[in-house]
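Student: The structure under discussion is supplied below as structure tokens; questions concerning it will follow.
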Amino acid sequence: MPESTNRKSRMHVEQLYASYRPYLMDMAYRMLGSVSDAEDAVQDLFAALHRERLPDVANPKAYLAKGLTHRCLNVMKSAARRKVTYVGEWLPEPWMETPDNAMEAIERREDVSYAFLVMLERLTPLERAVVVLREVFDYDYAEIAGMLDKTETACRKILSRAKKKLGARAAQPAPRRPQGEQELVRRWVSAIASGRIGDILDLIAEDAVHVTDGGGKTRAAINPIYGRKRVAALLETLANRRFKDARLYAARFNGSTGIAAVQDGRLVGVICFDWNADGTVQNLYAVLNPEKLERLAVPSPSDIG
């Protein structure tokens with residue numbers, strides 16, 4: 001390839017990277033549940049485009065989405081094997097909304113709740129890819145079939161099977177945000193910061209579930225905790241041990257307000273909520289694994305603890 005042609009090709013790839021990286025990052029994150037893996041998948045895609053001559057395609061966005069989807073499927077298959085040996089419960093990496101990634105937030109069609117990402121872990125890699133492409137990014141079945149090298153009929157069947165696994169949550173990918181969400185989170189922050197978990201017992205659903213992810217890197221409950229009393233007991237332990245010397249802040253995660261625990265200038269925990277309409281918490285997710293927190297910026301909102 002002549003040097004001038006090669007240079008033009010590189011410039012074109014760089015333009016595509018600048019234009020589509022936020023969109024592709026969001027797609028990869030939805031499929032993988034990991035910011036770091038999403039970054040790697042997007043970087044690998046563009047590294048390949050730099051090495052190879054970019055074909056003349058009518059729809060570069062669709063071309064890039066297909067290439068990324070195949071990379072994500074490979075990562076998901078590998079990750080599924082890794083999760084078999086993961087210590088305790090595996091939770092997705094939270095996506096923190098900050099001024100630095102505001103443009104990427106604007107690029108998203110709509111927010112997908114953290115709870116929905118947790119539910120996607122029930123699916124096979126192929127099912128998850130179809131759900132994300134169809135339900136989150138609104139691709140039609142013909143486009144999905146082209147991306148996955150499947151028939152439209154097969155893609156419809158895959159989506160139907162995935163929705164059965166997801167149950168009622170299949171129709172609720174967006175965050176469930178109760179009225180007065182900010183004030184509710186303020187109460188949670190105050191109770192955990194002071195260790196007075198009794199102050200928020202009325203905010204914990206009777207059949208609440210608390211999932212913690214320490215990944216074997218830090219102390220955490222190995223299995224989910226069920227029921228208001230047991231969830232409150234675990235929260236008391238977190239407040240008096242894990243978060244004893246931390247400062248708690250409200251921060252935006254995956255379209256909703258959650259809690260960030262900061263100690264010695266670094267994140268030591270993130271709590272995400274899955275709310276009921278009445279303002280009680282149905283599912284509580286605490287990410288404590290430092291490897292899943294290290295890429296998140298330390299929040300700088302006003303301290304509400």
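Student: Would you confirm whether or not the range 41-53 contains a residue that is closer than 30 Å to Ala220 by Cβ, surrounded by fewer than 19 Cβ atoms within 10 Å (Cβ to Cβ) and within 18 Å of the chain's Cα centre (by Cα)?
Tutor: No; the residues of the range 41-53 include none that is closer than 30 Å to Ala220 by Cβ, surrounded by fewer than 19 Cβ atoms within 10 Å (Cβ to Cβ) and within 18 Å of the chain's Cα centre (by Cα).
Student: Going residue by residue through the range 21-34, is there one that turns out to be modelled with pLDDT under 80, acidic (Asp, Glu) and in a helix (DSSP H, G or I)?
Tutor: No, the range 21-34 contains no residue that is modelled with pLDDT under 80, acidic (Asp, Glu) and in a helix (DSSP H, G or I).
Student: Still on this structure: Report, by residue number, each residue of the range 213-233 that is of a type outside the set (D, E, K, R) and surrounded by fewer than 18 Cβ atoms within 10 Å (Cβ to Cβ).
Tutor: Gly216, Thr218, Ile222, Asn223, Pro224, Tyr226, Gly227, Ala233
Student: Testing Asp44 on (1) at pLDDT 95 or above; (2) acidic (Asp, Glu); (3) not in a helix (DSSP H, G or I), one condition comes back false. Which one is that?
Tutor: So the condition that Asp44 fails would be (3).
Student: Starting from the range 145-166, take each residue that is in contact (Cβ under 8 Å) with a residue 12 or more places away in the chain and list its partners that are surrounded by 13 or more Cβ atoms within 10 Å (Cβ to Cβ) and of a type in the set (Ser, Thr, Tyr), counting only C-beta distances under 8 angstrom and pairs at least six apart or across chains.
Tutor: Every condition considered, the pairs that remain are Met147/Thr69; Met147/Tyr139; Leu148/Thr69; Cys155/Tyr141; Arg156/Tyr141.
Student: Here is a further query. So, Val57, is that one touching a Phe, Trp or Tyr at 6+ places or on another chain (Cβ under 6 Å) and not in a helix (DSSP H, G or I) or not?
Tutor: Values: touching a Phe, Trp or Tyr at 6+ places or on another chain (Cβ under 6 Å): yes; not in a helix (DSSP H, G or I): yes.
Here the answer is yes, as Val57 does meet what is asked.
Student: Hey, Ala174 hits all of (1) outside any loop (DSSP other than H, G, I, E, B); (2) touching a residue at least 12 places away in the same chain (Cβ under 8 Å) but one; which does it fall short on?
Tutor: (1)
Student: Name the single residue that is modelled with the highest pLDDT among those in the range 59-108 being under 17 Å from the mean Cα position of the chain (by Cα) and aromatic (Phe, Trp, Tyr).
Tutor: Ranking the qualifying residues of the range 59-108, first place goes to Trp90.
Student: Can you spot a residue in the range 205-212 that is of a type in the set (A, V, I, L, M, F, W, C) and loosely packed, with under 14 Cβ neighbours inside 10 Å?
Tutor: Scanning the range 205-212, I find no residue that is of a type in the set (A, V, I, L, M, F, W, C) and loosely packed, with under 14 Cβ neighbours inside 10 Å, so the answer is no.
Student: Shifting gears a bit: From Ala170, Ala174, Ala142, which residue is surrounded by fewer than 19 Cβ atoms within 10 Å (Cβ to Cβ), at pLDDT below 95 and farther than 19 Å from Ile271 by Cα?
Tutor: Ala170
Student: If a residue has to be assigned to a strand (DSSP E or B) and in contact with a Phe, Trp or Tyr (Cβ under 7 Å, 6 or more places away or on another chain) to count, how many in the range 248-270 make the cut?
Tutor: 9
Every residue, every condition in (1) within 30 Å of Glu39 (Cβ to Cβ); (2) of a type in the set (Lys, Arg); (3) surrounded by 16 or more Cβ atoms within 10 Å (Cβ to Cβ); (4) in contact (Cβ under 8 Å) with a residue 40 or more places away in the chain, yes or no:
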{"position": "Gly198", "(1), (2), (3), (4)": "no, no, no, no"}
{"position": "Asp245", "(1), (2), (3), (4)": "no, no, no, no"}
{"position": "Asn254", "(1), (2), (3), (4)": "yes, no, yes, yes"}
{"position": "Gly265", "(1), (2), (3), (4)": "yes, no, no, no"}
{"position": "Asn283", "(1), (2), (3), (4)": "yes, no, yes, yes"}
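Student: Here is a follow-up. Quick one: Ala239 ticks every box in (1) more than 20 Å from Ala115 (Cβ to Cβ); (2) surrounded by fewer than 16 Cβ atoms within 10 Å (Cβ to Cβ); (3) in contact (Cβ under 8 Å) with a residue 24 or more places away in the chain except a single one, so which number is it?
Tutor: (2)
Student: Taking the stated definitions as given, is Ile222 modelled with pLDDT under 95 and within 20 Å of Val287 (Cα to Cα)?
Tutor: On the way: modelled with pLDDT under 95: yes; within 20 Å of Val287 (Cα to Cα): yes.
For Ile222, the condition - modelled with pLDDT under 95 and within 20 Å of Val287 (Cα to Cα) - is met.
The values are calculated or read from the model by the stated rules, or taken from the named source; none is laboratory data. Given the structure is predicted, the values throughout are model-derived calculations rather than measurements. Cβ sites come from the backbone with ideal geometry, for glycine too, and all protein chains shown count toward neighbours.
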